[in-house]
């Protein structure tokens with residue numbers, strides 16, 4: 001179907017870079033798409049897949065690099081311009097409007113109208129045609145989208161893409177919400193489209209899917225394409241995994257001191273579950289131990305952390321901290337028992353960005369320093385200053401607003417918050433996301449120091465090597481279930497990915 | 001939420017790069033309140049030039065503050081709600097209801113001539129109760145604050161009409177009238193009340209855990225929750241506080257008009273919200289000052305006074321008020337991007 005040396009590629013991207021307020025999301029991506037091919041983009045979470053899609057869809061402007069469309073240099077100024085060129089995108093978060101009908105959704109933004117009057121009949125007729133083409137003549141164009149299943153919403157989203165004169169269709173993890181039968185149906189549609197000369201960019205981390213429908217692969221790692229336009233048939237799976245995980249930055253994990261044989265069990269989780277998210281999670285963490293949760297986004301790893309912390313209400317099982325069983329769904333109870341959480345989304349879940357550093361550090365403790373309701377700001381500042389010093393937080397000015405700090409220093413604020421009073425159990429969700437290499441090493445060292453002081457640490461990270469490098473024991477999680485609990489030294493990154501991908505496919 | 005946050009970050013970063021010491025002062029809290037002080041002074045100059053002695057007369061200036069006092073007290077409570085990320089549309093209605101409840105004939109009999117404190121307690125109690133209902137519906141029922149307090153706006157007004165049967169109750173409590181219509185050190189009791197509420201409000205917002213929790217919840221509700229703050233309970237308290245200030249305002253309107261009626265406080269919520277926002281409090285929460293609110297209230301009331309002194313009708317006043325609100329919010333967005341307080 002595809003020849004590697006097609007004369008003029010439909011789209012050629014070279015050296016694409018993009019950064020967001022100092023965080024480099026794309027550091028140089030090359031890829032080439034020819035008509036009629038399924039071009040897979042593979043990469044771990046945070047590798048830059050979503051940013052790349054948004055650049056191609058016109059939602060983001062690249063900072064550097066070149067885009068050629070049919071051999072001509074071009075800029076895609078906005079999503080409308082992309083559609084005009086013939087680039088349509090199906091985003092992972094279903095971008096349909098629940099309150100509108102299927103037909104209204106399909107023609108959203110380019111309604112069929114005569115002098116401002118909607119031509120509902122014509123829209124319905126053409127919507128029916130599109131649905132038929134997608135093998136879903138069972139869906140009525142008049143049905144309200146809110147009543148559809150996730151899989152059918154995806155069909156609507158695809159029909160919308162096809163309602164434009166599309167030459168390139170970008171599909172962001174389309175199979176994530178589908179069962180295997182629906183995936184088969186989807187693949188038939190994809191084959192149909194490519195036979196008609198439409199090129200497809202297919203994002204997924206399910207390797208077996210890529211084997212089934214992919215023609216060529218581009219692999220992203222840390223915002224770079226580590227390999228571009230590889231023919232799928234000639235590339236063995238181990239090579240792909242190495243390209244996805246191959247280290248571009250050497251992270252040095254400081255060695256951990258052995259855990260004392262009589263170290264008490266500080267956190268015990270028994271049969272914990274939250275309906276629809278995860279179930280039957282049991283493990284324990286001892287004083288001075290780091291336990292890591294490895295798994296993909298959506299595997300339930302963050303949800304497990306948040307449930308232990310009481311930020312989500314569990315529906316089964318129990319959490320015990322240092323012998324005391326926690327109330328379900330009560331953050332206050334968890335904090336009182338000595339758990340601290342450094343959340344995944346620093347800015348939206350962790351910080352008061354407009355407030356000074358010291359108030360962010362004391363956010364969970366200021367009432368302890370207060371006397372009959374009156375704040376003791378002097379005490380708060382001095383406590384914050386201690387943390388600033390201990391964590392080497394820069395700038396070392398407790399009155400600076402948190403928003404002016406770098407990602408790494410913002411992360412230190414969140415860690416400092418829980419170090420103000422001896423936290424027994426620390427839950428770390430993505431502690432190094434968006435943090436530069438130097439600050440990363442400091443955070444690793446800090447985790448070790450806490451460990452030596454006897455804190456029990458539960459760590460979640462998208463970077464499997466980080467989990468393996470820091471944790472004593474690892475829980476591999478996929479689709480809300482714990483697949484394995486092993487010593488970190490008995491498992492490597494390939495084995496974890498292997499487990500996760502098998503677990504996800506099952 | 002996260003978009004707002006990242007926008008705030010970008011603004012803060014932009015500000016940080018361009019900050020000369022002068023710019024820092026002007027974008028800080030002092031600067032923003034300084035802007036309001038300048039606006040107020042300008043209004044006074046306009047008043048003095050156009051109306052001369054009629055405006056600058058001490059009695060006239062005291063009248064401005066006296067007229068500002070009732071909406072002022074309500075605005076203090078509302079400032080807390082708005083900093084906490086909420087809104088309370090029901091303050092005017094609740095004030096009307098509390099004024100009716102406290103001036104009900106039976107209540108006045110119960111209070112008899114010397115114990116007017118019973119009336120005061122009833123007004124405050126009704127205000128707090130209505131606020132608690134708002135707070136519980138919003139915090140635990142997860143009803144959007146706008147809708148919940150809109151329902152209270154309508155409901156409390158209706159209840160006030162039912163209770164009073166649309167009659168006006170004249171307050172014939174001599175003790176009550178003597179105290180609240182009196183003066184201390186030459187200044188009206190109403191002005192003292194406004195001053196006391198404002199000072200207490202400032203202390204609570206800036207010096208207590210209650211104030212810190214309010215700013216934290218309004219600034220980042222999720223972060224506050226994950227830090228172990230009981231967001232729902234505190235939200236309930238915020239609306240109860242707003243109800244309390246509406247109750248205090250009810251006592252004040254009873255004193256000023258010597259009557260309680262269900263029509264007290266109609267549209268007062270709009271004046272209060274305008275004053276709070278012009279005073280520099282962000283409608284999305286997380287940032288605001290009591291000083292700003294007081295200045296906002298004074299600006300609007302001075303404006304009314306200047307217009308009245310110049311025999312301009314209320315239509316012109318309203319147009320001007322509308323312009324001021326828009327300009328103030330525009331300025332807020334352009335310049336007020338520094339840290340809070």
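The values are calculated or read from the model by the stated rules, or taken from the named source; none is laboratory data. This one's a predicted model, so the numbers in the text were calculated from it and none came from an experiment. Cβ: placed from backbone, ideal geometry, glycine included. Neighbour counts: every protein chain shown.
Side notes on the structure shown:
- Within the stretch B:188-208, the set of residues being away from chain A (no Cβ under 11 Å) and outside any helix (DSSP H, G or I) comprises B:188 only.
- Checking A:310, A:317, A:354 one by one, the residue that is more than 30 Å from residue A:494 (Cα to Cα), touching a residue at least 40 places away in the same chain (Cβ under 8 Å) and assigned to a loop (DSSP other than H, G, I, E, B) is A:354 and no other.
Per-residue answers, yes or no, for (1) within 19 Å of residue A:50 (Cβ to Cβ); (2) at pLDDT 90 or above; (3) touching a strand residue (DSSP E or B) at 6+ places or on another chain (Cβ under 7 Å):
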| position | (1), (2), (3) |
| --- | --- |
| A:177 | yes, no, no |
| A:183 | no, no, no |
| A:204 | yes, no, yes |
| A:208 | no, no, no |
| A:228 | yes, no, yes |
| A:238 | no, no, no |
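- Top-ranked residue of the stretch B:231-290 - restricted to ones that are within 14 Å of chain A (Cβ to nearest Cβ) and part of a helix (DSSP H, G or I), ranked as surrounded by the fewest Cβ atoms within 10 Å (Cβ to Cβ): B:233
- Filter result for residue B:179 (at pLDDT below 95, within 14 Å of chain A (Cβ to nearest Cβ) and either assigned to a helix (DSSP H, G or I) or over 30 Å from residue A:330 (Cβ atoms) (or both)): no
- Complete set of residues in the stretch A:380-418 that are free of Cβ contacts under 8 Å to residues at least 24 places away in the same chain and outside any helix (DSSP H, G or I): A:394, A:395, A:396
- Failed criterion for residue B:211 (all others in (1) closer than 30 Å to residue A:336 by Cβ; (2) more than 14 Å from every other protein chain (Cβ to nearest Cβ) hold): (2)
Each row is one residue, and each column tells you yes or no for (1) at pLDDT 85 or above; (2) surrounded by fewer than 17 Cβ atoms within 10 Å (Cβ to Cβ); (3) assigned to a helix (DSSP H, G or I); (4) more than 14 Å from chain A (Cβ to nearest Cβ).
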position	(1), (2), (3), (4)
B:302	yes, no, yes, yes
B:306	yes, no, yes, yes
B:315	yes, yes, yes, yes
B:319	yes, yes, yes, yes
B:323	yes, yes, yes, yes
B:326	yes, yes, yes, yes
B:330	no, yes, yes, yes
B:334	no, yes, yes, yes
B:338	no, no, no, no
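- Look at the stretch A:118-132: where a residue is not assigned by TED's automatic domain parsing to the domain that holds residue A:160, no partner that is part of a helix (DSSP H, G or I) sits 6+ places away or on another chain with Cβ atoms under 8 Å.
- Among the candidates A:71, A:36, residue that is farther than 29 Å from residue A:175 by Cβ, modelled with pLDDT of 85 or more and either more than 14 Å from chain B (Cβ to nearest Cβ) or crowded, with 17+ Cβ neighbours inside 10 Å (or both): A:71
- Checking each residue in the stretch A:293-329 for being within 12 Å of another protein chain (Cβ to nearest Cβ) and touching a helix residue (DSSP H, G or I) at 6+ places or on another chain (Cβ under 7 Å) picks out A:309, A:310, A:311, A:312.
- Among the candidates A:368, A:332, residue that is facing chain B (nearest Cβ under 8 Å), over 23 Å from residue A:288 (Cβ atoms), in contact (Cβ under 8 Å) with a residue 12 or more places away in the chain and out of contact with any helix residue (DSSP H, G or I) (no Cβ under 9 Å at 6 or more places or on another chain): A:332
- Of all residues in the stretch A:341-351 being assigned to a helix (DSSP H, G or I) and facing another protein chain (nearest Cβ under 7 Å), the one that is surrounded by the fewest Cβ atoms within 10 Å (Cβ to Cβ): A:348
- The listed residues are A:464, A:413, A:447, A:443, and the only one of them that is in contact with a strand residue (DSSP E or B) (Cβ under 6 Å, 6 or more places away or on another chain) and within 24 Å of residue A:301 (Cβ to Cβ) turns out to be A:464.
- Some residue of the stretch A:45-60 being assigned by TED's automatic domain parsing to the domain that holds residue A:208, assigned to a strand (DSSP E or B) and in contact (Cβ under 8 Å) with a residue 12 or more places away in the chain: no
- The residue that is surrounded by the most Cβ atoms within 10 Å (Cβ to Cβ), among those in the stretch A:419-455 that are assigned to a loop (DSSP other than H, G, I, E, B) and over 22 Å from the mean Cα position of the chain (by Cα), is A:455.
- Residues being closer than 14 Å to residue B:242 by Cβ and either surrounded by fewer than 22 Cβ atoms within 10 Å (Cβ to Cβ) or touching a helix residue (DSSP H, G or I) at 6+ places or on another chain (Cβ under 7 Å) (or both) are represented in the stretch B:208-215 by at least one member.
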